[in-house]
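One structure is given below, encoded as structure tokens.
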Amino acid sequence: MDVQRKLEILADAAKYDASCASSGTELRDSSDGKGLGSTAPGMGICHSYAPDGRCISLLKVLLTNACNYDCLYCVNRASSNVPRARFTSDEVVKLTIDFYRRNYIEGLFLSSGIIRSPDYTMEQVIRVARSLREEHHFRGYIHLKTIPEADDALITEAGKYADRLSINIEVPEENSLAKLAPEKDVRAIRRTMGRLRLKLDEAKPDGKSKAKPPRFAPAGQSTQMIVGADTADDQTILATSANLYGAYRLKRVYYSAFSPIPDASRSLPLQAPPLMREHRLYQADWLMRFYGFDVGEIVEGAGWLPLDIDPKLAWALRHRDRFPLDVARASREELLRVPGFGSKAVDRIIETRRLTSIRIADLGRLHIPKHKALLFIILSDHRPSPALLDAANLAQRFKPKVAQLGFEF
């Protein structure tokens, strides 16, 4: 099989893994004439597309889509009737270098099906990263998938070459994983996450020793959960994410809406969940990480996020007694809970109000959407009507307007 055909198969096989952002690592470049590539801000990835048309930020491939495991939700499972392919490590290295020199990419996201054993698979993945770093002096971004239960020495070596490592938790509940992926062990996945965290902690300078700690994945670790492959509600998913952030200090939890696959098991749903659910989970995740919300505040009662309004607005509508908020006096924590206020906008508000009062006209300059924020805030030239804030149909003002379908003539 030629490399072009392998690339078609293995790039397509990798498209279901969402955890491939190239952020948070150390800055490197090759402006000194040594090495190749960079992780400079703004470089990004140029014009690289998966076979389904989505623009991808990295050369995102599997080393092989052959796999010993038979995870029911995976198109590459052992029993799946799909074309199989396998790159050699030299082929992945050459593709990465060639694509970089053509300005198609700035980095590599490499995963693999499990073949022979976890240790053997991890060794093959590491061989690519080692060659790029040591033989070709590649300084671009490298994200490697960590294979659960791989030997500790292999994990250490992977962190030496990779900017980020990740291991997928797959689904939020242990019983679901046992049902859908019987060869995978959630305890083994969590043990590996724990080992990664310990090594990340060891790689941080302690401020006391002059010796430089060993390099280990400076962009940290991430994971991914499939949304909609089991019956877990949004509260369960977010509670699992909160636990992962707290226990392992993950940089990101990625959410990937389940996509029905050919010849699927009857244990799987027949239809994909709405993509808006994935979007709402990302918004809720952001509220937990950057806005001071906990899971119990974001999802109250039913266990599901509303699809028609964002989770911060939904919270504000449930807690109207906290509004309107006086922008001139409110704390940063309070301002972060105002619908339409992003964290950067809040910082600009705090900086601006030290010098002058904030008016309606200033909201545009602060990149704040008026239609969402004005009902919840008091400005020097604005105070919302109490009757409007207390109106029973207030939520309807923010929901998308229903449009009659046309005949597309």
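The values are calculated or read from the model by the stated rules, or taken from the named source; none is laboratory data. Please read all numbers here as calculations on a predicted model, not as lab measurements. FYI the Cβ positions are ideal-geometry reconstructions off the backbone, even for glycines, and counts take in every protein chain you see. Side chains included, ligands, DNA and RNA excluded: accessible areas come from the protein's heavy atoms. Shrake-Rupley method; radii C 1.70, N 1.55, O 1.52, S 1.80 Å.
Things to note:
- Of the options (1) 25.9; (2) 20.6; (3) 23.8, only one is mean projected area of the Cα convex hull in nm² as computed from these coordinates, and that is (1).
- Whether the range 110-158 is rounded, prolate or oblate, judged on the alpha carbon gyration tensor where a/c under 1.5 counts as rounded: prolate
- Reported value for the range 216-335: 140 Å³ per residue, from the convex hull of its C-alpha atoms.
- Placing +1 on the Cβ of every Lys and Arg and -1 on the Cβ of every Asp and Glu, with no other charges, gives the range 223-309 a dipole of roughly 360 debye about its Cα centre.
- To the nearest 10, the accessible area of Trp286 is 110 Å² with a 1.4 Å probe.
- Percentage relative contact order, the chain, counting C-alpha pairs under 8 Å, at least six apart: 12
- Dipole magnitude for the chain: about 1100 debye, using +1 per Lys or Arg Cβ and -1 per Asp or Glu Cβ, origin at the Cα centre.
- Of the peptides 270-279, 7-16, 344-353, 151-160, the ranking by mean beta-carbon count within 10 Å, highest at the top, reads 7-16, 151-160, 344-353, 270-279.
- Under the Karplus curve 6.51 cos²θ - 1.76 cosθ + 1.60, θ = phi - 60°, whole-Hz ³J(HN,Hα) for the range 351-366, x wherever Gly or Pro sits: 5, 5, 6, 5, 9, 7, 7, 9, 10, 4, 4, 7, 4, x, 5, 8
- Cα centre as origin, Lys/Arg/Asp/Glu Cβ charges: the range 171-268 dipole, Debye: 860
- Each Lys or Arg adds one and each Asp or Glu takes one away; over the other residues whose Cβ falls under 11 Å from the Cβ of Phe341, this sums to +4.
- The range 54-94 and the range 316-336 have Cα centres lying 48 Å from one another.
- Volume of the Cα convex hull of the range 118-258, divided per residue and given in Å³: 117
- Greater than 31 Å apart at Cα, pairs in Lys60/Lys184; Lys15/Lys372; Lys204/Lys372; Lys208/Lys312: Lys15/Lys372; Lys204/Lys372; Lys208/Lys312
- Here's how it looks for Ile142: its modeled amide H is under 5 Å from those of Leu108, Asp163, Arg164, which are all 5 or more places away or on a different chain.
- ³J(HN,Hα), Karplus 6.51/-1.76/1.60, whole Hz, each residue of the range 260-276, x for Gly, Pro: x, 10, x, 6, 6, 5, 5, 6, 9, x, 7, 10, 6, x, x, 4, 4
- For Ala14, nonlocal amide neighbours, meaning residues 5 or more places apart or on other chains whose placed amide H falls under 5 Å from its own, are Leu62.
- Computed helical MRE - 222 nm, the chain, DSSP H runs ≥ 4 contributing -39500 (n - 2.57), nearest 500: -10000 deg cm²/dmol
- In this structure the amide hydrogen of Ala257, modeled in the peptide plane, comes within under 5 Å of the amide hydrogens of Val227, none closer than 5 places in sequence on its chain.
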